[in-house]
Amino acid sequence: MAEFFLETGSEELPSGYVQPALDYMHKELSSFFSKNRIEAEAPKTMGTPRRLIVSVKGVMAMQEDSVDEFLGPGISVAYDDQGQPTKAATGFARGKGIDVSDLIRKQTPKGEVICARVENKGRVTASLLNEYLPQLISEIPFPKKMRWQNKSRLFARPLHWVTALFEGQALQF
């Protein structure tokens, strides 16, 4: 299990901005790990008017694999009288990225339908964090955000640095 560490350094934030920002980062990171099937301990937040810090221990290096089931049209619509797949079945399979021969039958309260089982291989946690962290930082809810020079990113005060480490290695985003 690895440790994830995030620190933002900025010019001095108003003191009333710090705790709501830390609460937001705690909630959103907990939600991110949960939604992405990544086991992790609860985030620990720390902050000063110049720094917002989040540390999460016990983070899995890989996302867990998953199997999703998607219910499709009824059997009578999916197969013709000779048992051959119809356009409805082939279109449903193509939409889920599987071959029509991989469709299975499943009984539901509304009757028997075709079902697509899609296996999702887990991704490396570091790559998921690289994609997510810019969004997290930019969406920290400050009562008033500002823009400096010709920069398009908004933040409460100018950001001077962002440090993000996972397993002791710097994340690249």
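Could you check, for region 43-52, whether at least one of its residues is touching a helix residue (DSSP H, G or I) at 6+ places or on another chain (Cβ under 7 Å), over 30 Å from Pro143 (Cα atoms) and not assigned by TED's automatic domain parsing to the domain that holds Gln107?
Scanning region 43-52, I find no residue that is touching a helix residue (DSSP H, G or I) at 6+ places or on another chain (Cβ under 7 Å), over 30 Å from Pro143 (Cα atoms) and not assigned by TED's automatic domain parsing to the domain that holds Gln107, so the answer is no.
Just give me the residues in region 47-68 being out of contact with any strand residue (DSSP E or B) (no Cβ under 7 Å at 6 or more places or on another chain) and of a type in the set (Val, Ile, Thr), in sequence order. Steps first, answer last, please.
Of region 47-68, the ones out of contact with any strand residue (DSSP E or B) (no Cβ under 7 Å at 6 or more places or on another chain) are 48-49, 58, 60, 63-64.
If the condition is that a residue be out of contact with any strand residue (DSSP E or B) (no Cβ under 7 Å at 6 or more places or on another chain) and of a type in the set (Val, Ile, Thr), then Thr48 is the only one that fits.
Could you tell me how many of the residues in region 161-173 are over 21 Å from Val18 (Cβ atoms) and within 18 Å of the chain's Cα centre (by Cα)?
Looking only at region 161-173, we keep the residues that are over 21 Å from Val18 (Cβ atoms), and these are 165-173.
Narrowing further to those that are within 18 Å of the chain's Cα centre (by Cα): 165-166, 171-173.
Residues that pass the stated criteria total 5.
Give the residue that is surrounded by the most Cβ atoms within 10 Å (Cβ to Cβ), with candidates limited to residues of region 1-19 that are within 20 Å of the chain's Cα centre (by Cα) and in a strand (DSSP E or B).
The initial filter retains those residues of region 1-19 that are within 20 Å of the chain's Cα centre (by Cα), namely 1-7.
Still in the list and also in a strand (DSSP E or B): 2-7.
Numbers: Ala2: 17, Glu3: 15, Phe4: 25, Phe5: 16, Leu6: 23, Glu7: 16.
Of everything passing the filter in region 1-19, Phe4 is surrounded by the most Cβ atoms within 10 Å (Cβ to Cβ).
On the basis of being in contact (Cβ under 8 Å) with a residue 40 or more places away in the chain, under 23 Å from Pro43 (Cβ atoms) and surrounded by 11 or more Cβ atoms within 10 Å (Cβ to Cβ), does Leu136 make the cut? Give the steps one after another, and end with the answer.
Numbers: in contact (Cβ under 8 Å) with a residue 40 or more places away in the chain: yes; under 23 Å from Pro43 (Cβ atoms): yes; surrounded by 11 or more Cβ atoms within 10 Å (Cβ to Cβ): yes.
So Leu136 fits the description; yes.
Looking at region 64-74, can you tell me whether even one residue there is exposed (fewer than 14 other Cβ atoms within 10 Å of the Cβ) and free of Cβ contacts under 8 Å to residues at least 12 places away in the same chain?
no
Here is a check on your reading of the model: is Leu165 of a type outside the set (Val, Ile, Thr), within 23 Å of Ser30 (Cα to Cα) and in contact with a Leu (Cβ under 9 Å, 6 or more places away or on another chain)? First the steps, then the outcome.
Numbers: of a type outside the set (Val, Ile, Thr): yes; within 23 Å of Ser30 (Cα to Cα): yes; in contact with a Leu (Cβ under 9 Å, 6 or more places away or on another chain): yes.
Taking the combined requirement at face value, the residue satisfies it.
Mind listing just one residue for me: the one in region 33-57 that is closer than 21 Å to Glu167 by Cβ and crowded, with 19+ Cβ neighbours inside 10 Å and, of those, nearest to the chain's Cα centre (by Cα)?
So the residue we want is Phe33.
Criterion first (buried (at least 17 other Cβ atoms within 10 Å of the Cβ) and at pLDDT below 95) does Leu129 satisfy it?
No, not satisfied.
Among all residue pairs at least 6 apart or on different chains, which show Cβ distances below 9 Å where the first residue, located in region 26-52, is in contact (Cβ under 8 Å) with a residue 60 or more places away in the chain and the second is among the small types (Gly, Ala, Ser) and part of a helix (DSSP H, G or I)?
As it stands, the answer is Leu52/Ala21, since those pairs meet every condition given.
The values are calculated or read from the model by the stated rules, or taken from the named source; none is laboratory data. From a predicted model like this one, the values you see are computed outputs, not experimental measurements. Cβ coordinates were reconstructed from backbone atoms using ideal geometry, including for glycine residues, and neighbour counts include every protein chain displayed.
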